[in-house]
Amino acid sequence: MNAPESLAALAPDESSIGRFWREFASSRFAVGGLAVFCIIVLAALFAPWITPQNPYDLMQLDIVDGRLPPGSASAAGYTYWLGTDEQGRDMLSAMIYGLRISLGVGIGSAIVAGIVGTGLGLIAAYFGGRTDAAIMRLVDLQLSFPSILVALMILAAVGKGVMNVVLALVIVEWAYYARTARGTALVERRREYIEAAESLALPKWRTVFLHLLPNCLPPLIVIASFQVARAIALEATLSFLGLGVPVTEPSLGLLIANGFQYMLSGKYWISLYPGIALLVTIVCINIVGDQLRDVLNPRARK
Amino acid sequence: MSHWIFRRALQALSVIVAMSVIVFVAVSVIGNPVDLLISPSADLAERTRVVAGLGLDQPLWRQYFNFLRGITEGNFGRSFVYNEPSLKLILQRFPATFELAVAALLIAVVIGIPLGLYAGLRPEAKVSRIVMATSIVGFSLPTFWVGIMLIMIFSVQLGWLPTTGRGATVAVLGVEWSFFTADGLRHLLMPALNLALFKLSLVLRLTRAAVQETLPMDFIKFARAQGLSPARVVWVHVLKNIMIPIVTVIGLELGSTIAFAVVTESVFAWPGMGKLIIDSINTLDRPVIVAYLMVIVVLFTAINLIVDLLYTLLDPRVRLEAQG
Amino acid sequence: MSASTTMPVLEARGLSTHFVSRGGVVKAVDEVSFSVARGRVLGLVGESGSGKSVTGFSILGLVDPPGRIVGGEVLFQGRNLVGLAEHEIRHLRGNRIAMVFQDPMMTLNPVLRIDTQMVQAVFAHQRMSRADARGRARETLAMVGMPSPDEQLEAYPHQFSGGMRQRVAIAIAMLHRPDVIVADEPTTALDVTIQAQILAEVQKLAREQGTAMIWITHDLSVIAGLADDVAVMYAGRIVESGTVDEVLDSPAHPYTRGLIDSVPSSNSCGERLRQIRGMTPNLRNLAPGCAFRFRCDRADDACTRDPPRVERPLGHAFRCFHPMTVS
């Protein structure tokens with residue numbers, strides 16, 4: 001009932017990567033978000049080299065410098081651009097180091113969950129029958145509970161710590177990947193190239209992982225981007241609640257929690273700047289993810 | 001129809017039973033089952049006594065049945081910290097959490113649906129673009145951070161609203177609610193807004209997507225061909241179609257909202273179930289944890305059942321199938 | 001018998017609707033002219049992609065972006081609909097000019113009851129009590145041959161078969177006793193037997209009520225049985241028009257000839273099906289000249305220019321430099 005069929009495929013020919021980038025870049029927000037995110041990742045990676053102080057080296061701290069407002073000078077000669085916390089830690093340095101943990105846990109858990117979830121989803125779709133039913137039942141059960149509850153329960157059981165947080169996040173996240181992977185795989189499974197692979201009597205795992213998987217990737221990439229943002233936010237929340245990473249390896253969430261008590265006495269910078277860093281990171285990832293979804297999902301194209 | 005309800009209720013019950021097994025096994029296997037019901041500070045004599053008294057020296061399956069029987073009698077053990085029946089503790093805090101969650105959902109729906117409708121009908125308008133961009137920020141912001149910001153701006157800097165805690169309550173239907181007092185509302189506003197933000201973005205985007213999916217459908221074009229005014233097309237044809245998925249999502253979000261209230265309650269020191277559970281996890285007050293889990297499971301299952309029922313009532317295609 | 005001696009109810013003159021996008025311009029409807037008089041049925045025939053559906057939408061002003069009507073007129077009782085304000089044309093839609101679409105499963109709102117949908121259609125143009133509106137709905141349902149209208153009113157679309165749903169759609173079109181009904185392939189999605197029933201009833205309705213009809217289809221055999229006049233469309237243009245008898249008995253345009261020949265019933269048993277060689281043209285960036293020339297055995301260099309409209313007696317017209325011999 002719409003424009004005649006010949007209206008389809010009006011875009012000129014170009015390589016698929018080129019077209020992908022062109023479509024992605026059609027939103028200035030998305031490009032901006034990607035740029036900022038790259039800066040953040042680089043800052044986190046090169047933290048020891050770019051921060052004026054290592055906030056976890058007790059030798060570098062001077063408690064006399066505690067709770068100084070942003071812009072104050074330090075005894076060692078550099079400026080506390082973002083102020084200090086009660087221990088005399090430079091907030092800028094603490095923030096960048098905190099980013100490391102936040103990003104590390106967030107991205108790491110998303111990757112592991114992605115591998116586990118995608119694998120299970122593909123297996124469920126490919127083998128069907130009872131395997132499919134069992135896996136999907138698990139997925140449904142998992143997804144019917146809010147992520148925070150699942151994470152809380154796991155942490156209640158296994159205790160705090162970075163690896164435990166990663167574990168909790170992985171358990172929370174795998175189901176999203178599994179469901180999407182299975183959905184896409186079910187459609188792809190019927191395509192001719194899978195039939196071709198099967199008729200060549202390739203071992204099943206090769207068919208699934210070398211042929212099926214690459215074609216299921218687009219929606220999974222979209223999911224992955226949102227999952228990273230969720231994981232970072234969830235980890236921050238858990239740490240804020242005191243159930244996440246330990247004090248020795250504080251993520252942004254823990255830094256914020258730390259500064260919360262000083263809020264009421266007007267020393268906002270201890271919470272605010274880590275908060276802004278967290279915010280910017282998550283928003284950038286979500287903006288990029290939004291655009292990725294519009295580009296990779298043919299139905300969402302307007 | 002009643003046959004269908006019966007079947008679904010049975011399903012729900014089996015889920016609850018399954019979850020009770022999981023909870024029981026998880027708590028028994030991961031921790032020392034004795035510690036489940038005994039305070040860590042008890043001495044050996046007391047331990048032995050309680051172990052025998054509670055039948056913890058019996059095989060696991062029999063312990064499970066005792067556990068189940070205890071549940072049906074409402075006995076989840078006593079909290080270590082408060083030395084009160086843990087179920088009672090949880091249920092006492094339930095109204096506070098519930099009113100927070102309901103207030104949050106109310107805000108999300110009242111603001112989210114009209115905005116989403118507008119953004120879906122006029123996607124190119126400036127207002128729509130701003131709203132959609134803001135909604136990305138809305139669901140990106142971690143709830144706790146927004147809460148902190150709200151306190152900082154409205155309480156500390158501007159002094160308009162109280163910082164933390166629940167306001168005065170009044171008894172309605174035998175339960176204390178702060179929703180119905182002016183002071184209560186003042187205290188409820190920020191936490192509810194905080195909790196609502198995420199849901200609001202969700203509802204908004206959902207509504208917009210639903211409208212955009214519905215508008216190009218043939219029956220909309222047919223309605224226009226009949227000469228229906230644009231207003232009528234939207235209110236009669238579009239709205240009824242999008243209401244079904246929206247209502248179901250919102251219903252399901254109620255459970256999630258109650259769970260996420262944990263964070264808001266921590267930030268605003270709101271005396272609900274959530275704050276209790278966080279404290280309990282930190283102090284390893286296991287009976288309370290177990291009681292909380294089971295209450296949540298029952299709650300969720302009940303919500304799912306009701307939403308399912310609602311969906312069946314609203315969507316004529318499904319309803320007629322259910323009626324057989 | 002000529003097209004009509006009285007003023008036509010609906011007339012298109014040089015109607016053009018284009019779709020503009022990054023890849024080029026698609027002239028879905030290119031200088032199309034036709035007319036239909038009271039109580040007569042005009043068949044608009046063509047393959048998919050010929051622009052016939054877009055023509056139907058253009059009449060009612062229902063062409064959505066990126067398409068727009070770029071030229072020509074659509075005269076309804078002498079009044080030009082092109083360029084009319086939206087609220088004015090809305091007054092005519094469903095009221096004096098109604099439309100029936102192809103797939104009844106998708107054209108009726110699945111979550112609203114039949115009576116709700118019909119009552120809304122009534123309220124769109126008339127004020128009356130809900131009971132009266134419902135009464136009008138029931139009456140119209142009976143008119144299109146629905147067996148138990150009261151039951152049907154309370155039902156939902158998915159409870160009906162395709163044929164019944166389409167009858168409901170036709171009933172909705174008839175609610176305000178329109179002067180013109182534009183039907184866009186309404187029976188294509190239905191069984192042949194149901195199709196025959198609906199065609200018979202529609203024909204009866206048109207005669208009784210004096211409704212003019214524009215019946216859009218790709219199926220020549222439907223036209224042969226139903227229409228009084230026919231216009232053949234190809235690549236957005238009308239290549240031949242006239243009364244059904246004239247055009248089907250002595251087609252002038254090779255495409256019309258090809259269409260007639262490819263209808264299976266005109267073959268004797270066992271013979272190969274005759275088809276028009278080649279494929280429907282890509283309407284994007286159409287080359288000038290006769291669009292059919294790449295598939296035509298009679299084409300030559302002359303056909304690289306746009307063939308002008310030639311009129312024969314008895315209202316038979318065509319666009320071709322090398323028409324088939326007319327007996």
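Partner chain Cβ atoms within 10 Å, averaged over the residues of B:260-273 - can you pull that number for me?
Neighbouring Cβ atoms belonging to other protein chains average 2 per residue here.
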Would you please put B:263-273, C:144-154 in order of how densely packed they are, using the mean number of other Cβ atoms within 10 angstrom per residue and starting with the highest?
B:263-273, C:144-154
Between A:Ile101, A:Ile115, C:Leu286, whose Cα lies farthest towards the positive end of the dipole of the protein assembly as shown when Lys and Arg beta carbons carry +1 and Asp and Glu beta carbons carry -1, centred on the Cα centre?
C:Leu286
Given backbone amide H placed at 1.01 Å from N, residues whose amide H is under 5 Å from that of C:Ile238, ignoring those fewer than 5 places away on the same chain, are C:Ser33
Residue by residue, what Karplus-based ³J(HN,Hα) values in Hz, rounded to whole numbers, does region A:244-257 have, using 6.51, -1.76 and 1.60 with θ = phi - 60° and x for Gly and Pro?
x, 6, x, 5, 6, 10, x, 8, 4, x, 5, 4, 5, 4
Report the rotationally averaged projected area of region A:159-291 based on its alpha-carbon convex hull, in square nanometres.
10.3 nm²
Given backbone amide H placed at 1.01 Å from N, residues whose amide H is under 5 Å from that of C:Ala98, ignoring those fewer than 5 places away on the same chain, are C:Val180, C:Ile181, C:Val182
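Please average, across the residues of B:232-238, the number of beta carbons from any other chain that are within 10 Å of each residue's own beta carbon, and give a whole number.
For peptide B:232-238, the averaged partner shielding equals 3.
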P(r) tail for chain C, what percent of Cα pairs lie past 31 Å?
33 percent
Sort all Cα-Cα distances of region B:99-257 into consecutive 5 angstrom bins from zero, then give the percent of pairs in each bin up to the one containing the longest distance.
2, 9, 15, 17, 16, 14, 10, 8, 5, 3, 2, 0
Residue-averaged beta-carbon neighbours from other chains (10 angstrom radius) around A:284-293
2
Summarise the accessible area of the protein assembly as shown (1.4 Å probe, protein heavy atoms) by the percent that is carbon and sulfur.
61 percent
Rounded to the nearest whole Å², what accessible area per residue is found for the protein assembly as shown with the 1.4 Å probe?
45 Å²
Taking the alpha-carbon distance from C:Lys204 and a cut-off under 19 Å, which aspartates and glutamates remain once sequence neighbours fewer than 8 residues away in the same chain are dropped?
C:Glu139, C:Asp179, C:Asp184, C:Glu185, C:Asp228, C:Asp229
List the pair-distance distribution P(r) of region C:1-140, using every Cα-Cα distance, as the percent of pairs falling in each 10 Å bin from 0 up to the bin containing the longest distance, rounded to whole percents.
10, 33, 33, 20, 4, 0
Kindly write out, for region C:111-124 in residue order, the coupling ³J(HN,Hα) from the Karplus curve 6.51 cos²θ - 1.76 cosθ + 1.60 (θ = phi - 60°), rounded to whole Hz, with x marking Gly and Pro.
9, 10, 5, 4, 5, 4, 5, 6, 4, 4, 5, 5, 4, 4
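What's the buried accessible area, both sides, between B and A using a 1.4 Å probe, rounded to 100 Å²?
Buried surface at the B/A interface: approximately 3300 Å².
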At each listed q (0.19 Å⁻¹), what is the log10 of I(q)/I(0) that the Debye formula gives for region B:170-324 modelled as equal alpha-carbon point scatterers?
-1.24
What's the buried accessible area, both sides, between A and C using a 1.4 Å probe, rounded to 100 Å²?
1000 Å²
Using a Förster radius of 45 Å, what is the FRET efficiency between C:Asp301 and A:Arg22 based on their Cβ-Cβ separation? Nearest 0.05, please.
0.60
For region C:256-315, compute Rh as the Kirkwood radius over C-alpha pairs and then the Stokes-Einstein diffusion coefficient at 10 °C and 1.306 mPa s; write the answer in µm²/s, rounded to an integer.
113 µm²/s
Fraction of alpha-carbon pairs over 36 Å apart in chain A - percent
31 percent
Please report, in debye to the nearest 20, how large the charge dipole of region B:157-302 is about its Cα centre when each Lys and Arg carries +1 at its beta carbon and each Asp and Glu carries -1 there.
560 debye
Give the C-B buried accessible area in Å², both sides summed, 1.4 Å probe, nearest 100.
2400 Å²
Find out how many positive minus negative residues lie around B:Leu115, taking Lys and Arg as positive, Asp and Glu as negative, among other residues whose Cβ is under 11 Å from that of B:Leu115.
+2
Candidates C:Thr107, C:Thr140, C:Thr187; GNM for chain C (alpha-carbon contacts under 10 Å) flags as most fluctuating C:Thr107
Using the charge dipole of the protein assembly as shown (Lys, Arg: +1 at Cβ; Asp, Glu: -1 at Cβ; taken about the Cα centre), state which of B:Thr48, A:Ile287, A:Val36 has its Cα farthest towards the positive end.
A:Ile287
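Sort the following peptides by mean Cβ neighbour count (other Cβ atoms within 10 Å, averaged over residues), highest first: C:47-54, B:168-175, A:256-263.
Packing proxy ranking, top to bottom: C:47-54, A:256-263, B:168-175.
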Quick one: dipole size for region B:79-158, taken about the Cα centre, charges +1 on Lys/Arg Cβ and -1 on Asp/Glu Cβ, in debye to the nearest 20.
180 debye
GNM of chain A, Cα pairs under 10 angstrom: of A:Lys160, A:Lys267, A:Lys204, the biggest fluctuation goes to A:Lys204
If you bin the C-alpha pair distances of the protein assembly as shown every 10 Å from 0, what whole percents do you get?
2, 9, 16, 18, 17, 14, 10, 7, 5, 2, 0, 0
Along the positive direction of the dipole of the protein assembly as shown (beta-carbon charges: Lys, Arg +1; Asp, Glu -1; about the Cα centre), which of C:Thr217, B:Asn304, C:Gln77 reaches farthest?
C:Gln77
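The values are calculated or read from the model by the stated rules, or taken from the named source; none is laboratory data. Remember, it's a predicted structure, so these values are computed and weren't measured experimentally. Note: ideal-geometry Cβ built from the backbone for every residue, glycine included; neighbour counts use all protein chains shown. The area values use the complete protein model at the heavy-atom level, side chains included, leaving out ligands, DNA and RNA. Shrake-Rupley method; radii C 1.70, N 1.55, O 1.52, S 1.80 Å.
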